[in-house]
There are 2 protein chains.
Amino acid sequence: MIPVEGIPEIREGDDLGDVLADAAAFEDGDVVVVAHKVVSKAEGRTVQLDGVEPSERARELAADEDPRRLEVILRESARIVRERPPLVIAETRHGFVCASAGVDASNAPEPGMLVLLPLDPDASAGRIRSRLLERTGRTVGVVVSDSFGRAWRQGTTDVAIGAAGIRTLLDLRGARDRTGYELHATTIALADEIAGAAELVLGKTRGVPAAILRGLDVAGDGTARDLVIPADRDLFR
Amino acid sequence: MIPVEGIPEIREGDDLGDVLADAAAFEDGDVVVVAHKVVSKAEGRTVQLDGVEPSERARELAADEDPRRLEVILRESARIVRERPPLVIAETRHGFVCASAGVDASNAPEPGMLVLLPLDPDASAGRIRSRLLERTGRTVGVVVSDSFGRAWRQGTTDVAIGAAGIRTLLDLRGARDRTGYELHATTIALADEIAGAAELVLGKTRGVPAAILRGLDVAGDGTARDLVIPADRDLFR
């Protein structure tokens with residue numbers, strides 16, 4: 001696990017593949033985990049609160065907080081899963097269920113600005129991966145991560161909201177353990193464990209938005225969309 | 001991340017601190033993650049299906065599977081959270097919400113045997129930690145891990161069900177990011193990210209039940225119980 005130090009403040013239009021290629025030496029098979037905040041900033045996925053007109057629903061959900069922020073959250077939501085104003089758990093258009101539909105004010109480019117999730121984080125990861133191949137000749141995996149809360153458990157863990165060039169799920173169904181017992185119903189969310197591992201070195205307050213995991217042997221063609229549980233199998237809808 | 005190779009099949013009464021001390025060279029500040037299966041086996045937390053008499057409720061929940069397994073799950077459950085026979089999501093007496101109340105047949109010592117969660121996994125972690133200190137003179141952190149499914153997301157990630165000698169939650173409330181924005185409501189479930197990272201090297205089918213994470217700087221006195229969200233703050237009860 002190698003933090004990628006020295007990444008400058010990212011602005012709209014920056015090419016993250018170039019930025020990463022300048023900042024680190026990659027090897028074939030590396031997985032680079034990039035905090036979604038810098039991806040969103042590079043893609044201009046930010047909103048200035050000044051121009052936002054809150055709806056009645058946003059005012060209801062805001063309690064004593066800024067209703068404009070809740071308005072932005074509502075616009076990013078496909079469905080509100082739970083509400084305890086001003087706390088909202090929402091399903092995003094990607095299918096992710098998370099606090100505030102992934103809308104966040106921390107590490108925003110300037111005060112009064114909110115950072116949204118990338119429109120298509122798998123595609124974002126794919127673009128970074130392609131650019132890294134062009135620039136470095138190295139075939140790497142890319143994970144775009146965000147910090148999600150979990151039902152029933154305290155605290156956030158970083159999970160994969162975008163991925164390219166890796167297996168995101170490891171299906172052990174049909175594999176056998178050492179005693180010959182068939183491990184059914186065992187699918188490991190590899191990409192989420194990779195994102196969480198990277199968080200241990202990313203450091204929200206240390207300004208390190210990317211980390212490299214070396215030696216994992218997880219090359220593949222999974223996506224982070226595969227990590228969203230299909231509605232018909234979801235016991236918690 | 002260092003897999004601990006060469007651990008023999010664990011039997012009831014084995015001292016895992018001794019087993020680990022024999023298998024690896026520790027350094028101060030290491031965190032050793034141990035799959036709960038070996039902890040449960042060492043502690044005799046197994047059940048032979050032969051002696052189990054299923055209740056009517058267990059038969060209901062079993063669908064076309066073995067009702068004795070469901071009976072064991074019911075005995076390990078404080079509360080059934082969701083059911084889709086034969087799938088049961090339960091809250092254990094520790095407060096963990098997971099499939100089958102943590103009852104598992106894979107990697108059991110023998111066929112027809114189920115492995116339960118340790119009675120007090122934080123205490124299990126504490127005993128391993130104390131023994132490692134006695135045997136090696138090294139002050140390490142210990143995490144006991146299990147693979148949990150998650151609401152809304154595919155696949156399992158390993159999480160901490162027991163911990164000793166580490167911070168399990170990293171509270172960033174009051175910390176400031178690089179632009180001075182106060183990061184409120186940001187608490188990172190460090191111990192879960194550590195458990196998930198270790199899973200990347202543990203390998204369910206490779207028979208490696210422990211891994212060492214070196215260089216993390218997470219010494220503290222948290223517990224895995226701290227990772228259970230208090231009922232009054234739980235939006236998903």
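We did not get these values from a lab; they are worked out from the coordinates using the rules stated. No experiment lies behind these values; they were computed from the predicted model shown. Here the Cβ is made from the backbone with ideal geometry for all residues, glycine too, and neighbour counts use every protein chain on show.
Summary of values
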item: Per-residue HN-Hα couplings for the stretch A:88-97 [Karplus 6.51, -1.76, 1.60; θ = phi - 60°; Hz; x = Gly/Pro]; result: 10, 9, 10, 8, 7, 5, 6, x, 6, 9
item: Positive minus negative residues near residue B:30 (Lys, Arg vs Asp, Glu; Cβ under 15 Å); result: +3
item: Vicinal HN-Hα couplings computed from phi for the stretch B:207-212 (Karplus, 6.51 cos²θ - 1.76 cosθ + 1.60; Hz; Gly/Pro x); result: x, 9, x, 8, 9, 10
item: Share, in percent, of DSSP beta bridges within chain A that are antiparallel, nearest 5; result: 85 percent
item: HN-Hα J in Hz across the stretch B:221-237 - Karplus 6.51, -1.76, 1.60, θ = phi - 60°, x for Gly and Pro; result: 10, x, 10, 6, 4, 4, 7, 7, 6, x, 3, 6, 10, 8, 7, 10, 6
item: Chain B: relative contact order as a whole-number percent, Cα under 8 Å and 6+ apart; result: 25 percent
item: Average Cα contact separation per residue, the stretch A:1-109, under 8 Å, 6 or more apart, as relative contact order %; result: 17 percent
item: Under 26 Å, Cα to Cα: Lys pairs in the protein assembly as shown, sequence gap 8 or more or different chains; result: 4
item: For peptides A:65-71, B:60-66, sequence by mean Cβ density within 10 Å, most packed first; result: A:65-71, B:60-66
item: Estimated FRET transfer efficiency when R0 is 45 angstrom, pair residue A:12-residue B:63 (beta carbons, to 0.05); result: 0.25
item: Amide H partners (placed H, <5 Å) of residue B:153, local residues excluded; result: A:229
item: Other-copy label distances relative to residue B:87, 7 angstrom Cα-Cβ extension, nm; result: 2.6
item: R0 of 22 Å, Cβ-Cβ distance residue A:50-residue A:93: FRET efficiency to nearest 0.05; result: 0.35
item: Euclidean distance between Cα centres, the stretch B:92-131 to the stretch A:147-162, Å; result: 23 Å
item: Long-range HN-HN contacts of residue B:81 with modeled amide H, under 5 Å; result: B:89, B:90, B:91
item: Residues A:2, A:73, A:212 arranged by fewest to most Cβ contacts within 10 Å; result: A:2, A:212, A:73
item: Interchain or long-range residues, amide H under 5 Å from residue A:145's placed H; result: A:34, A:35, A:36, A:161
item: Fewest-first ranking of A:229, B:128, using other Cβ atoms within 10 Å as the exposure measure; result: A:229, B:128
item: Nearest-first distances (nm) between copies at residue B:231, label 7 Å from Cα via Cβ; result: 3.4
item: Debye-sum result for chain A in log10 I(q)/I(0), which assumes one identical scatterer on each alpha carbon, at q = 0.09, 0.11 Å⁻¹; result: -0.40, -0.59
item: Under the span-like rule (Cα at least 15 Å along the axis, Kyte-Doolittle mean at least 0.0), DSSP H helices of chain A; result: A:190-202
item: Value at 222 nm in deg cm²/dmol, rounded to 500, when DSSP H runs of n ≥ 4 in chain A each add -39,500 (n - 2.57); result: -7500 deg cm²/dmol
item: Centroid-to-centroid separation of the stretch B:9-66 and the stretch A:1-44 [C-alpha atoms, Å]; result: 41 Å
item: Prolate/oblate/rounded label for the stretch B:46-117 (Cα gyration tensor, a/c 1.5); result: oblate
item: Cα shape, the stretch A:72-114, gyration tensor, a/c 1.5 rule; result: prolate
item: Averaged over A:140-153, number of beta-carbon atoms from partner chains that fall within 10 Å; result: 5
item: Global geometry of the protein assembly as shown, whether rounded, prolate or oblate, following the gyration tensor of its Cα atoms and the 1.5 cut on a/c; result: prolate
